[in-house]
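First up is the structure itself, then whatever we jot down about it.
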Amino acid sequence: MNAARKIGIIDYGTGNLRSVVKAFEFLGAEAGIITEPSEFEEVEALVFPGQGTFDQCIRALRKSALDEALIRWIELGKPYFGICLGLQVLFERSEEGEQEGLGIFSGHVKRFSLPESLKIPHMGWNGVDWELPPEDPMRLGLENGDQFYFVHSYHITNEDERLDVMKTNYGYPFTSGISFENCFATQFHPEKSQAKGLQIYRNFLEKIS
């Protein structure tokens, strides 16, 4: 990168975001916490490491008007990286709650339906396979089967044909990430996924430079 990217880490009032901030700072970006839409003007990309429950997240976004600002940001093609709930809220609804999602993409979020031999939440390391072609900038240095860290009880069911996706198997294949223009989001946690997780963040920074 020729210059440090200015990254806004969205905080809607829950969880410790320091590990995400530190990961981007390690890669040479200027990363700071954002809590209101007016701060969007100060950054080049948004990262949303959503935590908590779906309804809690949506209510907090609406209370601060971050919901409409996020929709506009993504619809304008500006760089966005969602993590965990930061992926799930992009869709229309979730079995976890009653609130409507942001509805940027078609699909919903469902709870894992698994045999008793498999625990919920799905927690720990698991492999990811990509629909993105190997030459895509987001795949630089990454291979099918690379391991990433997950902790979740719900996953998206994608119904949007515009999206390239990543797949992971836990009892059955599920969508573990999406890519659309400058919007990229993962169910797994790159900041907890060691070198491969940092590589995804590095690719994101390079793509927007």
Selection count, the stretch 115-139, where residues are in contact with a Lys or Arg (Cβ under 8 Å, 6 or more places away or on another chain), open to solvent by 50 Å² or more (accessible area, probe 1.4 Å) and in contact (Cβ under 8 Å) with a residue 24 or more places away in the chain: 4
Subset of the stretch 173-209 (residues that are among the hydrophobic types (A, V, I, L, M, F, W, C), in a helix (DSSP H, G or I) and either in contact (Cβ under 8 Å) with a residue 24 or more places away in the chain or in contact with a Cys (Cβ under 6 Å, 6 or more places away or on another chain) (or both)): LEU198, ILE200, PHE204, LEU205, ILE208
Residues being within 15 Å of SER179 (Cα to Cα) and under 14 Å from the mean Cα position of the chain (by Cα) - total across the stretch 59-88: 10
Number of the condition not met by GLU116 [criteria: (1) at pLDDT 95 or above; (2) farther than 30 Å from VAL43 by Cα]: (1)
Residues of the stretch 158-169 satisfying the condition of being open to solvent by less than 40 Å² (accessible area, probe 1.4 Å) and either of a type outside the set (A, V, I, L, M, F, W, C) or in a loop (DSSP other than H, G, I, E, B) (or both): ASP160, LEU163, THR168
Failed item in (1) out of contact with any Lys or Arg (no Cβ under 8 Å at 6 or more places or on another chain); (2) on the phi < 0 side of the Ramachandran plot, with GLY103 passing the rest: (2)
Of all residues in the stretch 12-22 being surrounded by fewer than 22 Cβ atoms within 10 Å (Cβ to Cβ) and either among the basic types (Lys, Arg) or more than 14 Å from the chain's Cα centre (by Cα) (or both), the one that is farthest from GLY177 (Cα to Cα): GLY13
Selection count where residues are without any contact (Cβ under 8 Å) to a residue 60 or more places away in the chain and open to solvent by 10 Å² or more (accessible area, probe 1.4 Å), scope the stretch 140-150: 6
Search result, residues across the stretch 46-99 that are of a type in the set (D, E, K, R), open to solvent by 40 Å² or more (accessible area, probe 1.4 Å) and over 20 Å from ALA31 (Cα atoms): ARG59, ARG62, LYS63, GLU68, ARG72, GLU75, GLU92, ARG93, GLU95, GLU96, GLU98
Selected residue (criterion: farthest from ARG72 (Cα to Cα)) from residues of the stretch 90-114 that are free of Cβ contacts under 8 Å to residues at least 40 places away in the same chain and in contact with a Gly (Cβ under 6 Å, 6 or more places away or on another chain): ARG93
Residue in the stretch 186-201 that is most open to solvent (accessible area, probe 1.4 Å), counting only those that are aliphatic (A, V, I, L, M) and over 13 Å from the mean Cα position of the chain (by Cα): ALA195
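The values are calculated or read from the model by the stated rules, or taken from the named source; none is laboratory data. All of these numbers come straight from a predicted model, not from anything done at the bench. FYI the Cβ positions are ideal-geometry reconstructions off the backbone, even for glycines, and counts take in every protein chain you see. What goes into the accessible areas is simple: the full protein's heavy atoms, side chains included, and nothing from ligands, DNA or RNA. Shrake-Rupley method; radii C 1.70, N 1.55, O 1.52, S 1.80 Å.
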